[in-house]
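Below you'll find the structure I mean.
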Amino acid sequence: MSFRFKESSVLPGFGLSLGYTLLYLGLIVLLPLSALVFKSSELGFSGFFKTILDPRVLASFKLTFGASLIAAAVNVVFGTIVAWFLVRIRFPGKRLIDAIVDLPFALPTAVSGITLAMLYSPNGKLGIFLQSIGIKVAFTQLGITIALIFIGLPFVIRTVQPALEEMDRELEEAASSLGASRTQTLTKVILPLLLPPIITGFTLAFARAVGEYGSVIFIAGNMPMKTEITSLLIITKLEQYDYAGATAIAVAMLLVSLAMILLINLFQSWSGKHSGR
Amino acid sequence: MSIILKNISKTFGDFHALKDINIEFQSGELTALLGPSGSGKTTLLRIVAGLEEADRNANADILFDSRTVTSSPVNRRQVGFVFQHYALFRHMTVFENIAFGLRVKPRDERPSKQDIKDKVNELLRLVQMETMAGRYPSQLSGGQRQRIALARALAIEPKVLLLDEPFGALDAQVRAELRRWLRKLHDTLHVTSIFVTHDQEEALEVADRIVVMNCGAIEQIGTPNEVFHRPATEFVMQFLGDVNVFHGRIESDSAIFNEVVPLTKNRENAARLLVRPHDLTIQSTPGDGPALPAKVYRVLTAGPIVKVELIDRHNRLIQVHLSHDGYNQTMVKLHEEVYLVPRESRVYANNDAWTGAYVI
């Protein structure tokens, strides 16, 4: 069976760039990950599954992935609206707002964590008010989700913004000249064309949220079974010198993340095909 | 449907894109808005469509069949608009693109699924693209995309078809073909159409009527024959077809073109003589009327006509177009002294036509 790896191309550098990419990915990504898998294999099959099927671990998985999905979904909605606002509406001070969007990127996660915890704690500025109307944020799953929304916000905005800027205004004019209302233009023309960048932003925000540690632990309260995220559980195991257990949880987390990101990418390429790219 | 524009002006900041336009587009006619870029032709088209708003003014009005549409938005005007860069929805197939206008109709006006399918297929036949229904716009050539854009605009059975430089992005051959095809299509459908172009050849070939625009104002409205053979202004004469321009001045009762005047001098009595290259005959003797001695500089015989370039005593380059027969009869030779006699010419002094005698 002949398997042609190389597309015949007049442009040189295929071999070089492929080699470089594989080497880079191997050294930076795959080497440490394989060490992780190697370490966790010390436990053997039954030990591995015993560790990751522990109710406390399962609860942390549910919380981490659930809250990350919700946060990414919230960011899709509001991030798209903010991106729209930044691209389409002219107002003084727009550059300032544009810069503020990047703050969650730039802030050390511990700083955001402490800030959020202080703000939402029962005697914090916002916490007092929310408590008075019966909403508890700090040390609950809601608090974790809010922290994850905070750190994931820039991803959707920064992926949707350039796509919106590039979008031809004539498409909207064409739609309305054909009789479409503003809502129809939005749902049938603009949003379908923005779907690929929206999905990319969703994936990035989700991946970031799953791995988040610093900004969550202060607001989470870290009660086992309730508000304990997986990253924290891994740290706890490490502090108890249970290296194999920690890596086992990490490997499980890695596999779930990989599966979800692959799934999203599949959906991405499907939607890309249907937007005529 | 006829369209009447009354007192339409448009300013973008300090720039007057349109200056008090009054015009009537006849029902069922194909009209070309012709002018150089920046002449306001596209702005005018977009105002008719409702994509742009004219300056607010008590006398300004847009009438579709004597009903005012000034305040109705573009999606209520029932106009078909075709863009220079097609503006096809790239996430939809050709079929979906054409069906779009039917699918977004309010529920009670929306045709049934079968009716939509029939209508789209009929339009695909009309634009000769039956086999392409399932393709995406990215899989089509430029000419095909523009035909789909046209089919999409026709799907809503527009009362007016507006085309903004529809062939501007296509290469010359496809352009000529689509041009003929658009004319044929218009002869079948008879929908009132306005198209914008900066290509005089396109306008002359396709349109029933041509509106020549310059600097936000209308220079002339007329049939292709009228604007070409009887240009109302110097601009129209220069814009439609090649022309030789001689700068001179008016002195008492005759126009003088036989000496070179610096352009900055004598502004108030400046005059220009315009002669089309095919209106000049080459003779070996001067004859009775005005004749210009010149030397043959270059002869281009490759092409449907013979182009002769000459240089006169004042170093002005003059173009003469001859038929191959005419060229064979005169047999001009390179560097030969000949006399150029205008059969038809126009003199303009301060933008007005001047009918007195002249010397060249």
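Please enumerate the residues belonging to region A:79-135 that are within 24 Å of A:Gly211 (Cβ to Cβ) and of a type in the set (Ser, Thr, Tyr).
Correct list: A:Thr80, A:Thr109, A:Ser112, A:Thr115, A:Tyr120.
Pick from B:Leu45, B:Leu34, B:Leu51, B:Leu63: which is closer than 30 Å to B:Lys184 by Cα and more than 23 Å from the chain's Cα centre (by Cα)? So that I can check it myself, show each step before the final result.
Values: B:Leu45 fails: more than 23 Å from the chain's Cα centre (by Cα); B:Leu34 fails: more than 23 Å from the chain's Cα centre (by Cα); B:Leu51 fails: more than 23 Å from the chain's Cα centre (by Cα).
None of the other options fit; the residue is B:Leu63.
Another one. Does at least one position in region B:68-91 carry a residue that is at pLDDT below 95 and more than 18 Å from A:Ser176 (Cα to Cα)?
yes
Here is a further query. Working carefully through the options A:Ala99, A:Ala83, A:Ala110, find the one that is loosely packed, with under 13 Cβ neighbours inside 10 Å and assigned to a helix (DSSP H, G or I).
Numbers: A:Ala83 fails: loosely packed, with under 13 Cβ neighbours inside 10 Å; A:Ala110 fails: loosely packed, with under 13 Cβ neighbours inside 10 Å.
The unique qualifying residue is A:Ala99.
Which residue, of B:Leu274, B:Leu310, is closer than 21 Å to B:Arg346 by Cα, open to solvent by less than 40 Å² (accessible area, probe 1.4 Å) and without any contact (Cβ under 8 Å) to a residue 40 or more places away in the chain? Step through it out loud before you land on a result.
Values: B:Leu274 fails: without any contact (Cβ under 8 Å) to a residue 40 or more places away in the chain.
Going through B:Leu274, B:Leu310 in turn, the sole match is B:Leu310.
Out of the residues in region B:48-103 that are surrounded by fewer than 16 Cβ atoms within 10 Å (Cβ to Cβ) and of a type in the set (Lys, Arg), state the one that is farthest from the other protein chains (Cβ to nearest Cβ).
Looking at residues that are surrounded by fewer than 16 Cβ atoms within 10 Å (Cβ to Cβ) and of a type in the set (Lys, Arg), I get B:Arg56.
Could you say whether any residue in region A:140-152 is under 30 Å from B:Glu96 (Cα atoms) and of a type in the set (Ser, Thr, Tyr)?
So in region A:140-152, the residues under 30 Å from B:Glu96 (Cα atoms) come out as none.
Looking through region A:140-152, none of the residues is under 30 Å from B:Glu96 (Cα atoms) and of a type in the set (Ser, Thr, Tyr).
Then there is this: Could you list, in sequence order, the residues of region B:104-150 that are closer than 23 Å to B:Leu182 by Cβ, of a type outside the set (Ser, Thr, Tyr), more than 14 Å from chain A (Cβ to nearest Cβ) and open to solvent by 70 Å² or more (accessible area, probe 1.4 Å)?
B:Glu122, B:Arg125, B:Gln128, B:Glu130
Can you pull out the helices (runs of 4 or more DSSP H) entirely within region B:82-176 that have at least 2 residues that are more than 20 Å from B:Ile194 (Cα to Cα) and among the aromatic types (Phe, Trp, Tyr)? Outline the logic, then answer.
Numbers: elements: B:94-103, B:113-126, B:142-155.
By residue number, B:94-103.
State all residues of region B:327-345 that are free of Cβ contacts under 8 Å to residues at least 40 places away in the same chain and within 19 Å of B:Val275 (Cβ to Cβ); if no residue qualifies, say none.
B:Tyr327
Considering only region A:166-181, how many residues are facing another protein chain (nearest Cβ under 7 Å), assigned to a helix (DSSP H, G or I) and of a type outside the set (A, V, I, L, M, F, W, C)?
Of the residues in that region, 4 qualify.
Is region A:72-83 home to any residue that is closer than 30 Å to A:Thr227 by Cα and either among the hydroxyl-bearing types (Ser, Thr, Tyr) or touching a His at 6+ places or on another chain (Cβ under 7 Å) (or both)?
Yes.
Failed condition for B:Asp242, given (1) assigned to a helix (DSSP H, G or I); (2) charged (D, E, K, R); (3) touching a helix residue (DSSP H, G or I) at 6+ places or on another chain (Cβ under 7 Å), with all others met?
Only one criterion is unmet by B:Asp242, namely (1).
Also: Within region A:141-158, take every residue that is within 18 Å of A:Lys226 (Cβ to Cβ) and among the β-branched types (Val, Ile, Thr) and give me the one that is surrounded by the most Cβ atoms within 10 Å (Cβ to Cβ).
Checked region A:141-158; the qualifying residue surrounded by the most Cβ atoms within 10 Å (Cβ to Cβ) is A:Ile144.
Of everything in region A:113-140, what is assigned to a loop (DSSP other than H, G, I, E, B), surrounded by 20 or more Cβ atoms within 10 Å (Cβ to Cβ) and under 22 Å from the mean Cα position of the chain (by Cα)? Give them in sequence order. First the steps, then the outcome.
Kept after step one, since they are assigned to a loop (DSSP other than H, G, I, E, B), are these residues of region A:113-140: A:121-124, A:133-140.
Narrowing the set further to residues that are surrounded by 20 or more Cβ atoms within 10 Å (Cβ to Cβ) leaves A:121, A:137-139.
Once the filter is applied, which keeps residues that are assigned to a loop (DSSP other than H, G, I, E, B), surrounded by 20 or more Cβ atoms within 10 Å (Cβ to Cβ) and under 22 Å from the mean Cα position of the chain (by Cα), region A:113-140 yields A:Val137, A:Ala138, A:Phe139.
Just one of A:Leu262, A:Leu194 is open to solvent by 50 Å² or more (accessible area, probe 1.4 Å) and either away from every other protein chain (no Cβ under 14 Å) or part of a helix (DSSP H, G or I) (or both); which is it? It would help to see each step written out before you state the result.
On the way: A:Leu194 fails: open to solvent by 50 Å² or more (accessible area, probe 1.4 Å).
It is A:Leu262.
Okay, next question. Tell me the strands (runs of 3 or more DSSP E) entirely within region B:273-360 that contain at least 3 residues that are outside the structural domain of B:Phe228 (by TED's automatic domain parsing) and more than 33 Å from the chain's Cα centre (by Cα). Can you show your working first?
Details: elements: B:280-283, B:292-300, B:306-312, B:317-322, B:337-342, B:346-349, B:352-354, B:357-359.
By residue number, B:292-300, B:337-342.
Being at pLDDT 90 or above, among the hydrophobic types (A, V, I, L, M, F, W, C) and touching a Leu at 6+ places or on another chain (Cβ under 7 Å) narrows it down to one of A:Ala175, A:Ala163, so name that one. Steps first, answer last, please.
Values: A:Ala175 fails: touching a Leu at 6+ places or on another chain (Cβ under 7 Å).
Going through A:Ala175, A:Ala163 in turn, just one is at pLDDT 90 or above, among the hydrophobic types (A, V, I, L, M, F, W, C) and touching a Leu at 6+ places or on another chain (Cβ under 7 Å): A:Ala163.
I'd like to know if region B:216-224 contains one or more residues that are of a type in the set (Asp, Glu) and touching a helix residue (DSSP H, G or I) at 6+ places or on another chain (Cβ under 7 Å). Break it down stepwise before answering.
The first filter runs over region B:216-224 and keeps only residues of a type in the set (Asp, Glu), leaving B:219.
Then keep just the ones that are touching a helix residue (DSSP H, G or I) at 6+ places or on another chain (Cβ under 7 Å); that gives B:219.
Checking region B:216-224: at least one residue is of a type in the set (Asp, Glu) and touching a helix residue (DSSP H, G or I) at 6+ places or on another chain (Cβ under 7 Å).
The values are calculated or read from the model by the stated rules, or taken from the named source; none is laboratory data. Because the structure is a prediction, the values reported are computed rather than measured. Glycine gets a Cβ as well: all are built from the backbone with ideal geometry, and neighbour counts include every protein chain shown. Heavy atoms of the whole protein, side chains included, go into the accessibility calculation; ligands, DNA and RNA do not. Shrake-Rupley method; radii C 1.70, N 1.55, O 1.52, S 1.80 Å.
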